[in-house]
1. Tell me yes or no: at least one residue of the range 76-88 is exposed (fewer than 14 other Cβ atoms within 10 Å of the Cβ) and in a loop (DSSP other than H, G, I, E, B).
2. Just for the range 240-263: of the residues that are within 13 Å of the ligand (Cβ to nearest atom) and free of Cβ contacts under 8 Å to residues at least 60 places away in the same chain, which one is nearest to residue 203 (Cα to Cα)?
3. Test residue 34 against the criterion of being in contact with a strand residue (DSSP E or B) (Cβ under 9 Å, 6 or more places away or on another chain), in a helix (DSSP H, G or I) and at pLDDT 55 or above, and give yes or no.
4. How many residues does the range 118-160 contain that are within 16 Å of the ligand (Cβ to nearest atom) and in contact with a strand residue (DSSP E or B) (Cβ under 7 Å, 6 or more places away or on another chain)?
5. So which residues in the range 134-164 are surrounded by fewer than 18 Cβ atoms within 10 Å (Cβ to Cβ) and farther than 21 Å from residue 84 by Cα?
6. Can you give me the number of residues within the range 219-239 that are within 16 Å of the ligand (Cβ to nearest atom), surrounded by 13 or more Cβ atoms within 10 Å (Cβ to Cβ) and in contact (Cβ under 8 Å) with a residue 40 or more places away in the chain?
7. Could you tell me which residue of the range 273-284 is farthest from the ligand (Cβ to nearest atom), considering only residues that are touching a residue at least 40 places away in the same chain (Cβ under 8 Å) and over 24 Å from the mean Cα position of the chain (by Cα)?
Ligand SMILES: [Zn+2]
């Protein structure tokens, strides 16, 4: 034995103890190891989440970003930040254009996977473009139309909830119309008139839309946040809540107007019974 080393009783660790020690050391790393395994298996480059620029700047029509990954199979690029909404909750994804190294590419589809927002292009880019800058431009007419119709559904939803306790069973936004399904048993004309009248009163009052994030504990104190029948709050640590001042408050990940006055005039264009307690209302904006 080399001189100078401390001498003590031999240390022996049973195999089961060694395994236990190994597991205790490795357990905090398991989610990360699993993520790395899935990313490598899927052939993806491992990057951080895309900053959702459409939350901090919902009226941004163009922006600068950095390309952080390219998926050749999908012909899609991921950016470090994006104002392109990836679609969800009945609101379609945004479309637009990316200019990279002086060449303009059409963004044909936008989708999100594991926190990254991917922009499917009309043609491939060289792999060497990863790390370079891109100038992005949204199809703003389409996006703004979605914001108006989506916000109009929030207003109608708030009025229906406050008057009848109606919960949402489905919704779809288009650029020229929208529809929403409620847990209601009655489509009487007087009821539709009330919904349309009170919605337009709220729109005319130019109410502000106030987005913010709340914790799970704060959300637990606000049961009205869950407005979709049979739905639960997201499990994320912070939950995005959209409030229309004095009218409505619910969790939502979509894009919204800053003020209800931008909706215009809401008109109920049609109704349809989809079951005893499931009624569809179709709206257009004038
Ligand atoms: Zn919303």
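1. Within the range 76-88, the subset exposed (fewer than 14 other Cβ atoms within 10 Å of the Cβ) is 88.
Restricting the remaining residues to those that are in a loop (DSSP other than H, G, I, E, B) gives none.
No.
2. 243
3. On the way: in contact with a strand residue (DSSP E or B) (Cβ under 9 Å, 6 or more places away or on another chain): no; in a helix (DSSP H, G or I): yes; at pLDDT 55 or above: yes.
For residue 34, the condition - in contact with a strand residue (DSSP E or B) (Cβ under 9 Å, 6 or more places away or on another chain), in a helix (DSSP H, G or I) and at pLDDT 55 or above - is not met.
4. Count: 13.
5. 162, 163, 164
6. So the answer is 2.
7. Narrowing the range 273-284 to residues touching a residue at least 40 places away in the same chain (Cβ under 8 Å): 273-274, 276-284.
Of the ones still in play, those that are also over 24 Å from the mean Cα position of the chain (by Cα) are 273-274, 276-279.
Working: 273: 25, 274: 22, 276: 28, 277: 23, 278: 21, 279: 21 Å.
In this case the residue turns out to be 276.
Let's see how each residue does on (1) assigned to a strand (DSSP E or B); (2) surrounded by 17 or more Cβ atoms within 10 Å (Cβ to Cβ):
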residue: 175; (1), (2): no, no
residue: 179; (1), (2): yes, yes
residue: 190; (1), (2): no, no
residue: 195; (1), (2): no, yes
residue: 200; (1), (2): no, yes
residue: 206; (1), (2): no, no
residue: 217; (1), (2): no, no
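The values are calculated or read from the model by the stated rules, or taken from the named source; none is laboratory data. Predicted, not measured: the structure shown is a model, and the values here were computed from it. For neighbour counting, all protein chains shown are included, and Cβ atoms are generated from backbone atoms with ideal geometry for every residue, glycine included.
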